[in-house]
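Have a look at the structure below, then the notes.
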Amino acid sequence: MPLIFLRKRETKESDGELLKRFREGGDVAVLGQLYERYMRLVYGVCLKYLEEREAAKDEVMNIFEKLVTTVPGEEILNFRTWLYVVTKNHCLMLLRSRKSELARMETMLSDPTFFMEKEEVSHPMENDEGIDMKRLEECIERLKDEQKNCIQLFYYEGCGYRQIAERLGMAESKVKSYIQNGKRNLRICLEQG
């Protein structure tokens, strides 16, 4: 699984020599040469902790990107050992992050009021009986496509967040965000009259 942007070049330089060259010149390809030696190790560690091939492949790339900024400030005596520890810590932090995200999602899903619209963010049509419908339609047309589509499906077709997410192929959290931002933009547009 070689990195796409690396120049294939056989080198007999030691890990330490390549590290030194990278620190002196900042050439990412040099760091890439060094990293390529240990990509199988990194992939193996990622696979061990993440237990998903695609996730492990993604993290191999993410770890390389992380190294570009991390390596210059680190004192590295043995690159292989250091990289193993960095990879392991990266995976453990990712797992912790996923675990806390799952806990947050479970909390949201167990709260029946979480996905309900709050009074203060209701649609402008619901609060103002003197609203000019033609003006509202003009303002809706000015919205970004994602906001416009979500607003129309939610208010005019009566779709829920999950239905909209499925129809538009996006996460429910994105749908909610587009609706809230769309409503805010509609209010601003209507106030400018």
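The values are calculated or read from the model by the stated rules, or taken from the named source; none is laboratory data. Model, not experiment: these values are computed from the prediction. With ideal geometry, Cβ positions are generated from the backbone for all residues, glycine too; neighbour counts draw on all protein chains shown.
Could you please tell me which pairs satisfy a Cβ distance under 7 Å, a separation of 6+ or placement on different chains, a first residue in region 150-172 that is touching a residue at least 40 places away in the same chain (Cβ under 8 Å), and a second residue that is among the hydrophobic types (A, V, I, L, M, F, W, C) and surrounded by fewer than 17 Cβ atoms within 10 Å (Cβ to Cβ)?
The qualifying pairs are Tyr161/Phe115.
Quick check: anything in region 183-191 outside the structural domain of Met105 (by TED's automatic domain parsing), within 25 Å of Met105 (Cβ to Cβ), modelled with pLDDT under 90 and of a type in the set (A, V, I, L, M, F, W, C)?
no
In region 19-32, how many are surrounded by 13 or more Cβ atoms within 10 Å (Cβ to Cβ) and more than 18 Å from Glu65 (Cβ to Cβ)?
Qualifying residue count for the region: 2.
Report, by residue number, each residue of region 71-99 that is exposed (fewer than 10 other Cβ atoms within 10 Å of the Cβ) and part of a helix (DSSP H, G or I).
Scanning region 71-99 gives a single hit, Gly73.
Which residues, counting only those in region 154-187, are of a type in the set (A, V, I, L, M, F, W, C) and crowded, with 20+ Cβ neighbours inside 10 Å?
Listed by number, the residues that qualify are Phe154, Ile164, Val175, Ile179, Leu186.
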